[in-house]
Amino acid sequence: MDDFKTLFDNKSEFNNEFYNNLRSLMNHNSVMLVIASQYQLDFYSKKHQLTSSFFNLGHVIKLGELQEDEVKDLLRLPASTVNNAAPALSMDEQRLTQQLAGSHPFLLQIAGGLVCEARQQGHDENWVKTHFVQESRRLPKSRLDSRRWWRGLRWLVWNLPVRLGRVVKFLGGTVDDVSSWIKGMAILVMVILVFTRVINLNEVWDFVRDQLGIK
(Lines give C-alpha, C1' and ligand atoms only; values in the text may rest on other atoms or scores of the structure.)
Protein backbone atom coordinates (compact mmCIF):
# COMPACT_ATOMS: atom_id res chain seq x y z
CA MET A 1 0.00 0.00 0.00
CA ASP A 2 1.65 3.16 -1.23
CA ASP A 3 0.81 6.58 0.21
CA PHE A 4 -0.96 4.96 3.16
CA LYS A 5 -2.09 8.28 4.66
CA THR A 6 -4.67 8.81 1.89
CA LEU A 7 -6.86 6.17 3.59
CA PHE A 8 -7.57 8.66 6.36
CA ASP A 9 -9.28 11.00 3.90
CA ASN A 10 -12.31 8.69 4.07
CA LYS A 11 -12.74 7.77 7.71
CA SER A 12 -16.25 6.42 7.26
CA GLU A 13 -14.99 3.58 5.05
CA PHE A 14 -11.55 3.07 6.57
CA ASN A 15 -12.55 2.93 10.21
CA ASN A 16 -11.57 0.73 13.17
CA GLU A 17 -13.62 -2.17 11.79
CA PHE A 18 -11.73 -2.06 8.50
CA TYR A 19 -8.35 -2.10 10.24
CA ASN A 20 -9.46 -4.89 12.59
CA ASN A 21 -10.47 -7.02 9.61
CA LEU A 22 -7.15 -6.28 7.95
CA ARG A 23 -5.35 -7.32 11.12
CA SER A 24 -7.33 -10.55 11.21
CA LEU A 25 -6.33 -11.40 7.63
CA MET A 26 -2.70 -10.80 8.52
CA ASN A 27 -2.95 -12.93 11.66
CA HIS A 28 -4.28 -15.83 9.57
CA ASN A 29 -1.51 -15.42 6.99
CA SER A 30 -4.05 -14.53 4.32
CA VAL A 31 -2.37 -11.21 3.59
CA MET A 32 1.21 -10.03 3.70
CA LEU A 33 1.04 -6.28 3.86
CA VAL A 34 3.83 -3.81 3.05
CA ILE A 35 2.96 -0.19 3.78
CA ALA A 36 4.79 2.93 2.62
CA SER A 37 4.15 5.91 4.86
CA GLN A 38 5.86 9.08 5.95
CA TYR A 39 5.40 8.32 9.67
CA GLN A 40 5.10 5.17 11.75
CA LEU A 41 1.59 3.71 12.06
CA ASP A 42 1.07 4.65 15.69
CA PHE A 43 1.40 8.32 14.68
CA TYR A 44 -1.68 7.97 12.45
CA SER A 45 -3.68 6.04 15.04
CA LYS A 46 -3.14 8.80 17.60
CA LYS A 47 -3.78 11.59 15.12
CA HIS A 48 -7.04 10.08 13.87
CA GLN A 49 -8.09 8.57 17.21
CA LEU A 50 -8.14 4.97 15.97
CA THR A 51 -7.99 2.18 18.53
CA SER A 52 -7.53 -0.86 16.27
CA SER A 53 -4.73 -3.24 17.22
CA PHE A 54 -3.69 -3.13 13.57
CA PHE A 55 -1.55 -0.10 14.34
CA ASN A 56 0.51 -2.03 16.89
CA LEU A 57 1.60 -4.64 14.39
CA GLY A 58 4.49 -4.73 12.01
CA HIS A 59 8.19 -4.41 11.53
CA VAL A 60 9.36 -0.89 10.75
CA ILE A 61 12.13 -0.31 8.24
CA LYS A 62 13.29 3.23 7.65
CA LEU A 63 13.94 3.59 3.96
CA GLY A 64 16.97 5.72 3.18
CA GLU A 65 18.81 6.33 -0.06
CA LEU A 66 19.62 3.24 -2.11
CA GLN A 67 23.04 1.80 -2.83
CA GLU A 68 24.41 2.14 -6.36
CA ASP A 69 23.74 -1.53 -7.17
CA GLU A 70 20.20 -1.25 -5.81
CA VAL A 71 19.52 1.78 -8.02
CA LYS A 72 20.74 -0.11 -11.09
CA ASP A 73 18.60 -3.15 -10.24
CA LEU A 74 15.58 -0.92 -9.74
CA LEU A 75 16.03 0.87 -13.04
CA ARG A 76 16.50 -2.43 -14.89
CA LEU A 77 13.20 -3.95 -13.72
CA PRO A 78 11.87 -6.43 -14.60
CA ALA A 79 15.12 -7.72 -16.14
CA SER A 80 16.90 -7.63 -12.76
CA THR A 81 14.41 -10.09 -11.23
CA VAL A 82 12.95 -12.07 -14.15
CA ASN A 83 15.07 -14.26 -16.40
CA ASN A 84 15.10 -13.28 -20.08
CA ALA A 85 12.92 -10.22 -19.41
CA ALA A 86 13.73 -6.88 -21.01
CA PRO A 87 14.10 -3.72 -18.90
CA ALA A 88 11.07 -1.45 -18.96
CA LEU A 89 13.38 1.54 -19.43
CA SER A 90 15.93 1.90 -22.20
CA MET A 91 19.54 2.67 -21.33
CA ASP A 92 19.02 6.37 -22.09
CA GLU A 93 15.86 6.40 -19.97
CA GLN A 94 17.68 4.71 -17.11
CA ARG A 95 20.48 7.26 -17.37
CA LEU A 96 18.04 10.19 -17.34
CA THR A 97 16.09 8.76 -14.40
CA GLN A 98 19.22 8.33 -12.28
CA GLN A 99 20.54 11.72 -13.35
CA LEU A 100 17.38 13.40 -12.07
CA ALA A 101 16.67 11.33 -8.96
CA GLY A 102 20.07 10.18 -7.76
CA SER A 103 19.59 7.34 -5.27
CA HIS A 104 16.42 8.52 -3.52
CA PRO A 105 13.67 5.87 -3.87
CA PHE A 106 10.72 8.27 -3.99
CA LEU A 107 12.39 10.55 -6.52
CA LEU A 108 13.38 7.52 -8.61
CA GLN A 109 9.73 6.50 -8.68
CA ILE A 110 8.70 9.98 -9.83
CA ALA A 111 11.42 10.24 -12.47
CA GLY A 112 10.78 6.73 -13.79
CA GLY A 113 7.07 7.41 -14.11
CA LEU A 114 7.68 10.64 -15.99
CA VAL A 115 10.12 8.96 -18.37
CA CYS A 116 7.52 6.32 -19.22
CA GLU A 117 4.83 8.96 -19.65
CA ALA A 118 7.08 11.00 -21.92
CA ARG A 119 7.74 7.98 -24.11
CA GLN A 120 4.04 7.17 -24.41
CA GLN A 121 3.03 10.74 -25.22
CA GLY A 122 6.01 11.67 -27.38
CA HIS A 123 7.52 14.27 -25.06
CA ASP A 124 11.22 15.10 -25.05
CA GLU A 125 13.82 15.10 -22.28
CA ASN A 126 13.18 18.75 -21.39
CA TRP A 127 9.54 17.91 -20.65
CA VAL A 128 10.66 15.22 -18.24
CA LYS A 129 13.07 17.56 -16.47
CA THR A 130 10.51 20.35 -16.15
CA HIS A 131 7.82 18.08 -14.74
CA PHE A 132 10.29 16.37 -12.43
CA VAL A 133 11.06 19.70 -10.75
CA GLN A 134 7.34 20.20 -10.16
CA GLU A 135 6.59 16.65 -9.03
CA SER A 136 9.62 16.40 -6.74
CA ARG A 137 8.06 19.08 -4.53
CA ARG A 138 5.74 16.34 -3.28
CA LEU A 139 8.67 14.92 -1.35
CA PRO A 140 8.07 15.67 2.35
CA LYS A 141 10.76 17.84 3.86
CA SER A 142 13.15 15.62 5.71
CA ARG A 143 14.62 16.20 9.12
CA LEU A 144 17.90 15.74 7.33
CA ASP A 145 17.61 19.32 6.07
CA SER A 146 17.27 20.64 9.61
CA ARG A 147 20.20 18.52 10.73
CA ARG A 148 22.35 19.93 7.92
CA TRP A 149 21.30 23.45 8.91
CA TRP A 150 22.19 22.74 12.54
CA ARG A 151 25.59 21.28 11.59
CA GLY A 152 26.33 24.36 9.51
CA LEU A 153 25.34 26.68 12.36
CA ARG A 154 27.37 24.66 14.86
CA TRP A 155 30.41 24.84 12.59
CA LEU A 156 30.02 28.62 12.29
CA VAL A 157 29.47 29.47 15.96
CA TRP A 158 31.65 26.78 17.57
CA ASN A 159 34.10 24.90 15.33
CA LEU A 160 35.31 27.90 13.36
CA PRO A 161 35.81 30.18 16.40
CA VAL A 162 37.66 27.39 18.26
CA ARG A 163 39.98 26.86 15.29
CA LEU A 164 40.59 30.58 15.00
CA GLY A 165 41.23 30.73 18.73
CA ARG A 166 43.72 27.89 18.47
CA VAL A 167 45.69 30.01 16.02
CA VAL A 168 45.99 32.57 18.79
CA LYS A 169 46.92 29.76 21.19
CA PHE A 170 49.58 28.47 18.83
CA LEU A 171 51.10 31.91 18.35
CA GLY A 172 50.76 33.17 21.88
CA GLY A 173 49.66 32.11 25.35
CA THR A 174 48.25 28.76 26.50
CA VAL A 175 44.44 28.76 26.76
CA ASP A 176 41.78 26.09 26.85
CA ASP A 177 39.08 25.56 24.21
CA VAL A 178 36.57 27.82 25.94
CA SER A 179 39.05 30.66 25.98
CA SER A 180 39.97 29.82 22.40
CA TRP A 181 36.32 29.93 21.41
CA ILE A 182 35.85 33.37 22.98
CA LYS A 183 38.89 34.80 21.26
CA GLY A 184 38.09 33.09 17.99
CA MET A 185 34.53 34.39 18.07
CA ALA A 186 35.82 37.88 18.75
CA ILE A 187 38.12 37.63 15.71
CA LEU A 188 35.29 36.30 13.55
CA VAL A 189 32.95 39.10 14.62
CA MET A 190 35.65 41.68 13.97
CA VAL A 191 36.30 40.31 10.48
CA ILE A 192 32.58 40.59 9.74
CA LEU A 193 32.55 44.13 11.11
CA VAL A 194 35.51 45.00 8.89
CA PHE A 195 33.68 43.76 5.80
CA THR A 196 30.59 45.74 6.82
CA ARG A 197 32.83 48.77 7.45
CA VAL A 198 31.73 49.15 11.05
CA ILE A 199 35.36 49.04 12.20
CA ASN A 200 38.64 49.25 10.30
CA LEU A 201 41.40 46.68 9.85
CA ASN A 202 43.79 48.52 12.15
CA GLU A 203 41.48 47.99 15.11
CA VAL A 204 41.38 44.25 14.40
CA TRP A 205 45.16 44.13 14.21
CA ASP A 206 45.45 46.02 17.50
CA PHE A 207 43.19 43.40 19.15
CA VAL A 208 45.22 40.48 17.79
CA ARG A 209 48.51 42.06 18.89
CA ASP A 210 47.05 42.67 22.34
CA GLN A 211 46.06 38.97 22.61
CA LEU A 212 49.50 37.87 21.51
CA GLY A 213 51.25 40.32 23.81
CA ILE A 214 52.95 42.01 20.90
CA LYS A 215 53.86 45.65 21.50
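Computed over segment 1-148, the percent of Cα pairs more than 22 Å apart is 54.
Ligands, DNA and RNA excluded, the heavy atoms of Met190 present near 40 Å² of accessible surface to a 1.4 Å solvent probe. Across bins of 5 angstrom width beginning at 0, how are the C-alpha pair distances of segment 89-144 distributed, in whole percent? Going from the shortest bin to the longest, the percentages are 4, 21, 33, 24, 10, 5, 2, 0. So, R0 is 22 Å and r is the distance between the beta-carbons of Cys116 and Arg138; what FRET efficiency does that work out to, to 0.05? The value I calculate is 0.80.
Among residues other than Asp124 with Cβ under 14 Å from its Cβ, the summed charge is -2 (Lys and Arg +1, Asp and Glu -1). For segment 56-101, the percent of C-alpha pairs falling in each 5 Å distance bin, counted from 0 to the bin holding the largest distance, reads 5, 20, 23, 19, 13, 9, 8, 3, 1.
Restricting the trypsin sites (Lys or Arg not before Pro) of segment 55-147 to loop positions (DSSP other than H, G, I, E, B) with no more than 11 neighbouring Cβ atoms within 10 Å leaves Lys62, Lys141. At q = 0.12, 0.14, 0.25, 0.28 Å⁻¹ the log10 of I(q)/I(0) for segment 32-84 amounts to -0.47, -0.58, -0.99, -1.12, computed by Debye summation with a single uniform scatterer per C-alpha, solvent ignored.
The values are calculated or read from the model by the stated rules, or taken from the named source; none is laboratory data. Note that the structure is predicted; figures quoted are calculated from it, not measured. A quick note on method: Cβ atoms are made from the backbone with ideal geometry, for glycine too, and the neighbour counts reach across all protein chains shown. Quick note on the areas: whole protein, heavy atoms, side chains included, nothing else; ligands and nucleic acids left out. Shrake-Rupley method; radii C 1.70, N 1.55, O 1.52, S 1.80 Å.
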